[in-house]
Each structure stands twice: as C-alpha cells, then as structure tokens.
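Asker: Starting off with a structure, shown below.
The values are calculated or read from the model by the stated rules, or taken from the named source; none is laboratory data. Here the structure is a predicted model, which means the values were calculated and not measured. A quick note on method: Cβ atoms are made from the backbone with ideal geometry, for glycine too, and the neighbour counts reach across all protein chains shown.
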Amino acid sequence: MKNYLSRKNKILSLIVILNVSIVISLFFFNQNNSLLDESNQALNINLSQEDFTEEWFKESLETQLIINSEFDNNIGWISEFDGDMSDVDTNIVGGGANYKVIGETYSSTLISGTLNSTTSQDWYNTTNPEIPVYPTQGHGSDESGVYASHLWAEQAGTTVNAYQKTSIQWEKVITTPLNMSDYTITSASLSVLVNATAKAYVGCGTGDVWHWEGVEVEGDDVAGVGYEFTEGDYIKYYVRLANLDKNVNYKITDYQTTTLGQDGAQVNGSYDFLNDTIFVADNMNDLIFYLNQVLENGDYQNFIIILGMEFNCEDNCSTDLDEFPEVYIKACNLTISYVKNINQLTSMSWKYPTARINTKGGIIDITQSKLFFEYRIDKTWPVSLSPNSEFRILINDQEYSENIKLSEAETNPKQAKEGGFDLTSITPENYDINLTIQIFIADEFNLGENYTITIDNVSLHVSYDLFFLAQRDITFLILLISALIASALLFVYLIYYRRVLRFPKQVRKVRKFGKTLRKENPPNVSITTRKDLFDKKYSKIAKRTSTKTKSTSTVKIKEVKGNLKDKVEKLKSTKALFFIIFLLMGLIFIPLIVIYIPNDSNYSPDLLTLSQEGSTDTYTRRSVTRQWIDNTNFDIAENWTFMLDGDLSDIQAEINNGTANYIINGDIGSQTFIENGISSGWTQITDPEGLPPPDTYGMDERGWYASHFWPDNDPQSLRVQWQKNFTMNLNMSDYVITSASLNCWINGTAQASPVNGGGIDRPGDTLDGGTTVQIATGDFARFFLIISDANKNREFVATQYQTDDLGRDDPVPITQLNDTLIGPVNEETLIFYLEQALQYDHQNFAITLGTYIWCEDSGHPGDSDNWQLLLIKNFNMSITYQKKINQFSSLAWNNFGDKIEENNYTIEVKDAKLFFDYKINQTWVNSLSPNSRFKIFINDVEFNETIRLSELETWLKEAREDGFSVTNLIPNDKGINVSIQVYIADKFILDRDIMISIDNVVLWISYDVIIPSEPNFIFLIFFIIAAIGAAALTTYIILYQTILKYPVQVRKVRKYRKTLGNINQPSVQISTRESSFAKIYQDEMGKTSKFLKGTPRDGKLIQEKLLGQDQGKMIEK
C-alpha cells in the first residue's frame, strides 16, 4: 500500500510540475511578446497585400550602393545639366567630382588710339541726319586722325554763303570679343581727343578785306555797324551710339567750344588754337545703359559708334566771314569691363544609377537609407551675390527636403552632415535607384571668377528587411498542445482517482468483482483465499526483512543476498535523480529562456543610459508625451507674438479667423499726367544757353505755342521752353516702374513761298523764275520734351521732332504740319530716364517742353522766314509701378513654451514632432521668387528642412504628414520657443497682397523622466529563496547519496555497525524476526481493517479471518 501511494504521488507530482512549468512558460512567453511588441513598434511593417495572414521569415540585410565612391575614375557617374550650360561645368579629377561655376572677368578696349591708324581702323564718314550738310572746305583723315575744314562767308554771289550749319561724322562698327547676352557690363569709359584751329581777326571788315574777318565768340569787340551776337560761332563735337539698324540711337556726350577764335587770343598772328582736349562721357551708369540698349536691340555683339562735329557760323554782320581751317578728332578710347552673368535656375548634377536592391524576391522593407559625402570649395562662396544657391539631393528625381547652402562650404573637406542624410522616405523599394547630388544656382548674379566645388567619399548605405513566406513558428503551438495534454491528463487522473485509484488494490478488485456479480456470465475475477493471500503477503514481508536479519538457512542467505544486491544496484542508479534534477531545472529555466528569446534577431533590450557618469544608483524610466503649444488654433492672439526683420513695409502680421497670417504687401499703382495749354503749374524758363525766344510764345487752349518772323541779320537761333514739376502719389524708393508711355502731339504752320518774301527755305526750293537758291540745312523747327529732376541736375531728351517738309515749295507748297505724334526711343529708355530723374528725392521730377527755331541765311538778298505757328498741343504720360519686395525680409510667429520639468528629475527627450497646416490665398509668384520659403526655428536654432512657398496650396493642408522631427533641437534645461518664419529670399516686385496662413500648430514631445528608484527587494527575496532551494537540493543529494538511498532497516544496520567499535553499548538494537514481523503485520492490518467486516479482537481472530483456521495454526507452529 505504501509503495502504491508513493508511485501515485510521483505521477501526480510529475503531471502537476509539468503542467505548472508549461503554464508559466506560456505566461512569460506571452509577456515577452507583449514587451517586444511595445519596444519594437518602429520595426512593424505594412505589407501592401490586404488581409495578410501568412507568417513570414525576415532576413535583415545592408548594402552600400555606390561602388565608385571615391571617384577613382568616372565609371558609374553621369553628369547632367539644366539651364545655361555656359555657366557651369563638371569633371572628375584627382579623386573628386567637381562642379565648376564659370565666372569670368574681362576688360576690353573696344577703341583705342588715333582714328584710322593701325589701332583704330575702318572709320567711314556719314551724314548727320539733323544737319545733312558737309563742311565746305573738305574732310578726310591723316596720321593725326580725322578732320574737316569749314569756311562760311556772307558775300553775295559766292557759293558758300548759305552754309552756316554744317556737320560731318565718322562711324565705326564695333564688335565685342564675346557675345554680350551672357555678360554684364560693370564699368565703361569713353574719352575723345580733339583739337582745332580757328581764324580770329578783329571786327567785321568791308570791301576787299571781308575775307580777313574772324570767328566771333562771346566777348569779342566788334567794330562796324549792324553787328548781332546771339550764340556766336563754335564747333560742337559729339559722340553717339546706335544699333546696327540705327533705330536706337543715343547721344552720349558732346563738347562745344566757347573761346576758340576769341579776339586777342590769336597765335601766329591771325589764328586761334584748341590744343589737344579730351572730353569724356559724364555718367558711367548712363553709358552702360546706352551700351546695353544698343547691344540688346541688335545681336549682342555689334553696335555703331558715331563721332561727329557740327559747325555753327552765326551771321554777326552783313559781310561776316567765319573760318575753321583745321578741326580734328584725333583719337577715341572706349573701354568696358564685364563679368559673366550666372543665370538663375541653372543646375549641374552628378548622377549615379544603381540597380534595384531586391533581387531575391519576396517583399522588401527599407528600414534605413543614409547618404554620406564630403564636400569642399576652392574659395569662399560669394554669399552676397548668391545667398540661395545650394546642394540638392534627389533620388529618382524626387528631391530630399534638406539642402546645403553653398555659403556653408569650406576650403577643407568636411562631412555634408554628421550622421548622414536620412533618405529612407524617398528611397524606392522595388525600382532602380538613381542618386543625384546637384548644385542648384538659385540666384541671378554676376561672377568674376571660377568657383569649384568638389565632392568625395559618396556612400549610400541602405538597410532593409526581406520577407519570405515561412513555416509557422510552432514553438508556441507545441507549448500550448503540451499544456493542453498535461491539463487533460491531470483532469483524467483526478476523475480516475476519485472513482478508482483512491481505493487499495484489494478493494478495487473486490469492487470490480462486485460489479461482475450482476452479469449473466461468470466473472473472470476470483477471490483469493485467505491462505493464499497470507502466503503471498508473508513472502513479500519475509523478503524485505530477510536482508535485515541473520538467517541460518544457506538458501535463504543466498536469496536474501541476491535480492539485496539487486536492490542496492537499483538504488545506485542515478536516472531517477537526474530526471528530478532536469525537471526542476526545466521548471526554473524554461520561463527564463522563453523571456530572453526575442522575436527579432535585431532586437536588443533598451538599456537605460544616464548622463551622469559612473552612476551606480538604480533608476526607473517614466515615459511622458505632451502637446507643448498653447493656443494651437489661434482662436485668440494669446501666447503668440510676431517678429519682423528687414523692410517692415514689405510684410505684416495678423491673427484673424482662427489663423496666423503672413501678409506680403504687394501693391500696384499707376499715375497718368495729362497736360495741355491750360494746365496749371507751367512756367516759361530762360534758355540755359542764352538763346532768345521767338517773337510770340505762350500757352492757351491750343497748347504751348510760338511764332516768329525772321528778317535777315536778326538772331537765327531761337528757343522757348516751359517747365513743370510733377509729384508722384507716393515715395518711389520702395517701388519699381514697370511700364511707362509718353505721347506728345504737335503741329505747325509756316509760310512756304516766296523764298525771298517770308517763305521758309528748304533744300530744293527756288527763287521766282527758277533761280536756284543757296540753301544748306534750310530753315527748321525742333520740338522737344526733356525729363529731369526738379533741379535739373540730370536732363534727358525723352523725345524730339525736327521739321523736314514744312515750308517746302516744290512740288506743292507745304504750309501745314498736321497733328503728329512723337514719343521716346523705347519704353526701357523712358523708364530709365524717369528712374534717374526720381533718384534724388524719389517723388518729384520735372518735364520741360520747348521749341527750337533755326533760320538759315539762305544766301539771297532780303531773306526772311515766317513761322506762323509752332504748337505743342498736349501730352500725356502714364507710369505704372509695383511694390518692391526686398530680399531677406522675414516675418515669424513665435510661441514661447515652458521648460520641461518633472520635480527636478532628469529629462531625456526621446521624440519631438512639429505639425502645422498652411495655405496661401493665391498661387505664389514662383517665377519672381523661387527661393522664398518657410523656416522653422526652435530657440532661434534653425531646423534643417524648409518649405518653399511655391509648394503651398489655396486650401489648408499639413505641412508634412508625419510632422517635422525636431528632436535634436528641443532643450531640456530651458523654455521651448517655437518660431515659424516666412523668409523672403529674393528681391522681386509684387503687384498684389499675398496672404499665407498657418493653423493647428502642434508640438508633440515625448520624453522620459528618470526617477531614482527605492531599493527593490523582490529580486533579493527570489534570489535568497533560490539560494536556499539550491542549498536544500544539494544537501538532499548529499544525504541521499550517503544515507537516504538505503531502506530504513539498512540504515539502522549501517548505523548499528558504526557503533560496534565504541566502548559503550550501542543504543540501537537489532529487532528479532518475530518482533519485526509482528510490527509489520500490525501496520498492514491497520491499513486494511477498516475494509473488513467486524472489529478485530485479537491477533488470532484477525489471523483466522485473513488466512483461515488451518493456515493460522501452521503459522503458529
């Protein structure tokens, strides 16, 4: 019965232990999976297939895609260009890939030296269209330059007496060394060297000495009667520039003699000399403008320069004679400096095509893609010229959001970004990967020298997981099935125990026999007689005790020795011991093994790293996620402030309708000036050169008018002018004129004939009877309009018109100049003149209207000219302007947040994401300002990603769906100040307000609070329990090996044997066989007596009941 119960307890213990071990393993396995799921959320992937239920095998790999990363040669790399290819170039030299921005500076002398010498050839003379009459004494060129000679003699019958105004000019086609369409002139100079000789003789002679008369200038003392002096006799040198078609023609500069021929200044008796004299272009900016105009209106490489001279011989007396025997233009020098124009939006790229990453099949998930490269520049980038040019990174033509300004480049190689550029979001998984590192020229600027930017050590490291369909992981399934089987076995055992096993074997047989009595067939179970049962039991007991007592029977001794030997061998077996040890170890270590089996081979436990060095304290980590922005929806202005920088008139801030707004202040305006003869503010001004006005002039409803009758010997040059100051509606310093127009209407009336009776003389007119009249330039009138500043520091002839046919006799007398519209050379020129005039006070300018009259002494007696009416009817000028937006203006909305504080505990910021929505009320002017953008600042530190304003839509959308990761900018020791700035990166003009709005500004910050922990005794308790358990187990194993593996009787014998060597009598006594039998017998009877009928009275009765009377007697014997 004892062995039976022992075996039953072992089985039950085994099942319970197995079940508990599996259940604990399942618990820890499940807990471990939960922890791994929490700690590895970032490793989860979204497979494109829907309703995915298969199990996948993951293979984690890493590759570096750039083979030729050090540019040992050009294998694998392709250069690409966009925009103006003359601005940039690329090459691979010396182990680096170079980007060259081609800057050039040139200084070219387009004309130099003596005209028509070997250094200044190909000059040819042409006619001045305003004075189409050559000097009378010839012209030409020699070793000193080009020259002309002129004589005018007022003497009846001569052939020269009409040529008071003559002119000649020389032209030359200039070809610039380069096509100037890609260059900007930065400086220019023009100088002309002239000299002249004039006859200077006192007074007006009579009779035979007329030809000794000299040139009259202001200050001459004239003898005789009938002397008139208005402007005197002079030479005017001039320089003009024109395009090849001569429809764009500008007077650059002039020089007029004032004292040449003055009486008393003669040299060599009767001649006066203008020694070598240089005159220059007065204003370099004007010269550059005119050069640009003639080049732009041509082929950008060729234009015409015109050098000319005008002779003016005033009729000072009745027999006047003026002589200029030698007038030279000796030399001309025109020098320009120009630099290369670098065009905006030009780019150059190095591209490296690679094959797709996944060539094994399965599904790929790129976990990380990082680009590294070094760069340098050969000299500091000219940031003042191009602040926006930058490196751009593209993969498959998709631009990465972070760029590097070229202004950050240094002359020594450095990493483009520590830690590399994270290109994971734009690296394709199932396509070829084309990496492009581009330099983008974001500004229009002039560059005078080459700049070379070099990249090297380019590497693209891609980490990725490949997922393949795999067999299901059956570890958990095996554990589950094992637990279910163990639970089922335990459940079955408990039921079977309650019904069967709890009874002794003999009782079970009796119960089984009882069940068979009700059956028809006889039972195959028989009841053992008491005698047989007693013999069997006795034999079993005798075998137990025979080894413990001495027997005189040799057979018995051998039998007992054999049984004892078998028993000892079994006890020596350690299989049961090993099984128990293994079971206990499994119970302890299986849960631990399950805990530390990660689901992901890349997983490693997140260790707590504290900033304190050498800390041995224990800490706990508490994770916190908070939204840091107050008033995210701009319901009110509270918690938000704005900061303006740059031109405060360009941009303004407001909070309205739940958004924070950036308003770029564009503006467009126009102003039209319509003037006529009754407009107020006009005043007649004195002629600056002292010319007299006509007989009649004034203003009325017709316009600005003049009329004049000229008789012979009166002043021949006359001019009248009116001026008015105009004021713009606003200060133009912050505006740019975008368009301008000028229309001026004129007409005139003059007497055409007779020539000698007041008729205007024009070339080709004749006297009555057909006699040819000596006419040179003839009589003409010139209308003009001048734009200037209010004080006339700078004056520009915006338009003019010189009469031609008015007064002509043949074939039909022309007495009327019909209404004629005159205007400027072109719009660009008019805008330039207005800008120059406004530069003094930015609001006021002046317009001067005038009429110039020339009455030639046409060489016949009694010449007179009748200008009946010369009229400037009206004019109108329209100016359109737009607001100028200055580069580097900015507006930022700022939110000042609290410091991250948690009871002065240590804070570790784990993640910070900034979200906001933005919109624009109309499409951004990308063609005018492609570089303006949003910038993000945390505590005045700029975030490395920006958003171009050209990306904005007219509806609210997220600036970035997954937010801006600003983790590395978040401080943990001071307040968090968030700034969202609109930065104007270009200078441009804007004709309307543009409003940019932001809303829903959210800053989520996740951080860990590091809290010092109280000592945790749980682990210590478990450790002590485990140590005690291990010690107890060790002690048990030792005791078992030395004592407990023997039966109790053997242990007593072994203990008794040890006492035999003692002097004292042993306290352990050897039981006799009878006493041992009686004790065992009584023990066994005690176990079974409750199942027998009746109450045992004494040993004999029990013996008889068990064995029968006969068997009992045999035992007694």
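Asker: Restricting to region 166-204, what's the tally of residues that are under 24 Å from Y271 (Cβ atoms), part of a strand (DSSP E or B) and of a type in the set (S, T, Y)? Give the derivation first.
Answerer: So the first thing to find is which residues in region 166-204 are under 24 Å from Y271 (Cβ atoms), and the list is 166-168, 192-204.
Filter again for part of a strand (DSSP E or B), leaving 166-168, 192-199.
When the remaining residues are screened for being of a type in the set (S, T, Y), the result is 166-167, 197.
Final tally of qualifying residues: 3.
Asker: Look at S69 and say whether it is farther than 16 Å from N450 by Cβ, modelled with pLDDT under 95 and either assigned to a strand (DSSP E or B) or of a type in the set (F, W, Y) (or both).
Answerer: So S69 does not fit the description; no.
Asker: Could you tell me whether S927 is surrounded by 15 or more Cβ atoms within 10 Å (Cβ to Cβ) and of a type in the set (G, A, S)?
Answerer: For S927, the condition - surrounded by 15 or more Cβ atoms within 10 Å (Cβ to Cβ) and of a type in the set (G, A, S) - is not met.
Asker: Starting from region 422-442, keep only residues that are of a type in the set (F, W, Y), then list their pairs with residues that are in a loop (DSSP other than H, G, I, E, B) whose Cβ atoms are within a distance under 9 Å, requiring at least 6 positions of separation or different chains.
Answerer: Y431/R356; Y431/N396; F440/L345; F440/T346; F440/N388; F440/S389; F440/N403
Asker: Which of the following residues is in the same structural domain as N904 (by TED's automatic domain parsing) and part of a helix (DSSP H, G or I): N972, N968, N1000? Give the steps one after another, and end with the answer.
Answerer: Values: N972 fails: part of a helix (DSSP H, G or I); N1000 fails: part of a helix (DSSP H, G or I).
Just one listed residue meets the conditions, N968.
Asker: Sticking with this structure for a sec: Please tell me if E675 is closer than 30 Å to K884 by Cβ, charged (D, E, K, R) and free of Cβ contacts under 8 Å to residues at least 60 places away in the same chain. If you could, list the steps in order and put the result at the bottom.
Answerer: Values: closer than 30 Å to K884 by Cβ: yes; charged (D, E, K, R): yes; free of Cβ contacts under 8 Å to residues at least 60 places away in the same chain: no.
So E675 does not fit the description; no.
Asker: Condition first: of a type in the set (S, T, N, Q) and either buried (at least 16 other Cβ atoms within 10 Å of the Cβ) or within 15 Å of S347 (Cβ to Cβ) (or both). Now tell me which residues in region 402-433 satisfy that.
Answerer: Matches in region 402-433: N403, S407, T427.
Asker: Separate question: Looking at region 647-660, I want the residues that are part of a loop (DSSP other than H, G, I, E, B) and have a partner that is among the hydroxyl-bearing types (S, T, Y) with Cβ atoms under 7 Å, at least 6 apart or on another chain. Which pairs are those?
Answerer: D647/S889; D650/S889
Asker: Starting from region 873-896, keep only residues that are farther than 13 Å from I668 by Cβ, then list their pairs with residues that are surrounded by fewer than 22 Cβ atoms within 10 Å (Cβ to Cβ) and of a type in the set (K, R) whose Cβ atoms are within a distance under 9 Å, requiring at least 6 positions of separation or different chains.
Answerer: K873/R702; N886/K987; Q887/K987; F888/K987; S890/K935; A892/K935
Asker: In addition: What are the pairs, 6+ residues apart or on separate chains, where a residue within region 1080-1091 that is in the same structural domain as V507 (by TED's automatic domain parsing) and within 12 Å of V507 (Cα to Cα) has its Cβ under 7 Å from a residue that is modelled with pLDDT under 70 and surrounded by 11 or more Cβ atoms within 10 Å (Cβ to Cβ)?
Answerer: Correct list of pairs: empty, since none qualify.
Asker: Of the residues E408, E402, E418, only one is within 13 Å of L371 (Cβ to Cβ) and without any contact (Cβ under 8 Å) to a residue 12 or more places away in the chain; which?
Answerer: Details: E408 fails: within 13 Å of L371 (Cβ to Cβ); E402 fails: without any contact (Cβ under 8 Å) to a residue 12 or more places away in the chain.
Every option except E418 fails the conditions.
Asker: Name every residue in region 736-754 that is more than 13 Å from Y833 (Cα to Cα), of a type outside the set (G, A, S) and buried (at least 21 other Cβ atoms within 10 Å of the Cβ), in order of residue number.
Answerer: Passing the criteria: C744, I746.
Asker: Quick check on my filter: what residues within region 233-247 are surrounded by 22 or more Cβ atoms within 10 Å (Cβ to Cβ) and over 29 Å from E323 (Cβ atoms)?
Answerer: Matches in region 233-247: L241 only.
Asker: Find the residue count for region 396-411, including only residues that are in a helix (DSSP H, G or I) and either within 13 Å of the chain's Cα centre (by Cα) or of a type outside the set (D, E, K, R) (or both). Working first, answer last.
Answerer: Residues of region 396-411 that are in a helix (DSSP H, G or I), as a first pass: 406-408.
Remaining after also requiring either within 13 Å of the chain's Cα centre (by Cα) or of a type outside the set (D, E, K, R) (or both): 406-407.
Within region 396-411, residues that are in a helix (DSSP H, G or I) and either within 13 Å of the chain's Cα centre (by Cα) or of a type outside the set (D, E, K, R) (or both) number 2.
Asker: Hey, another quick one. What strands (runs of 3 or more DSSP E), lying completely within region 666-778, carry at least 2 residues that are hydrophobic (A, V, I, L, M, F, W, C) and not assigned by TED's automatic domain parsing to the domain that holds R808?
Answerer: 668-676
Asker: So, D761, is that one exposed (fewer than 15 other Cβ atoms within 10 Å of the Cβ), at pLDDT below 95 and not basic (K, R) or not?
Answerer: Taking the combined requirement at face value, the residue does not satisfy it.
Asker: Would you please name the residue that is nearest to the chain's Cα centre (by Cα), looking only at residues in region 888-936 that are of a type in the set (A, V, I, L, M) and under 28 Å from G658 (Cα atoms)? First the steps, then the outcome.
Answerer: First, pick out the residues of region 888-936 that are of a type in the set (A, V, I, L, M): 891-892, 900, 907, 909, 912, 914, 920, 925, 928, 936.
With the extra rule that they be under 28 Å from G658 (Cα atoms), the set shrinks to 891-892, 900, 912, 914, 920, 925, 936.
Values: L891: 18, A892: 18, I900: 31, A912: 21, L914: 18, I920: 19, V925: 17, I936: 12 Å.
Of everything passing the filter in region 888-936, I936 is nearest to the chain's Cα centre (by Cα).
Asker: In region 293-332, how many residues are in a strand (DSSP E or B) and within 20 Å of V280 (Cβ to Cβ)? Spell out the reasoning first.
Answerer: Let us first name the residues in region 293-332 that are in a strand (DSSP E or B), namely 302-312, 321-332.
With the extra rule that they be within 20 Å of V280 (Cβ to Cβ), the set shrinks to 303-310, 327-332.
Residues in region 293-332 being in a strand (DSSP E or B) and within 20 Å of V280 (Cβ to Cβ): 14 in total.
Asker: Within region 55-112, how many residues are buried (at least 17 other Cβ atoms within 10 Å of the Cβ) and without any contact (Cβ under 8 Å) to a residue 24 or more places away in the chain?
Answerer: Residues meeting the conditions: 1.
Asker: Sticking with this one: Considering only residues that are closer than 21 Å to D804 by Cβ and out of contact with any strand residue (DSSP E or B) (no Cβ under 6 Å at 6 or more places or on another chain), look in region 724-758 and name the one that is modelled with the lowest pLDDT.
Answerer: Checked region 724-758; the qualifying residue modelled with the lowest pLDDT is V755.
Asker: Out of the residues in region 683-694 meeting the condition of being free of Cβ contacts under 8 Å to residues at least 60 places away in the same chain and surrounded by 14 or more Cβ atoms within 10 Å (Cβ to Cβ), tell me which one is nearest to Y852 (Cα to Cα).
Answerer: Among them, the one singled out is P693.
Asker: Let me ask something else. I want to confirm something. Restricting to region 888-902 and keeping residues that are touching a Pro at 6+ places or on another chain (Cβ under 9 Å) and surrounded by fewer than 19 Cβ atoms within 10 Å (Cβ to Cβ), which single residue is nearest to S386 (Cα to Cα)?
Answerer: In the first step, residues of region 888-902 are kept if they are touching a Pro at 6+ places or on another chain (Cβ under 9 Å); the result is 888, 899-900.
Applying the additional criterion that residues be surrounded by fewer than 19 Cβ atoms within 10 Å (Cβ to Cβ) yields 888, 899.
Numbers: F888: 12, K899: 38 Å.
Taking the candidates together, the pick is F888.
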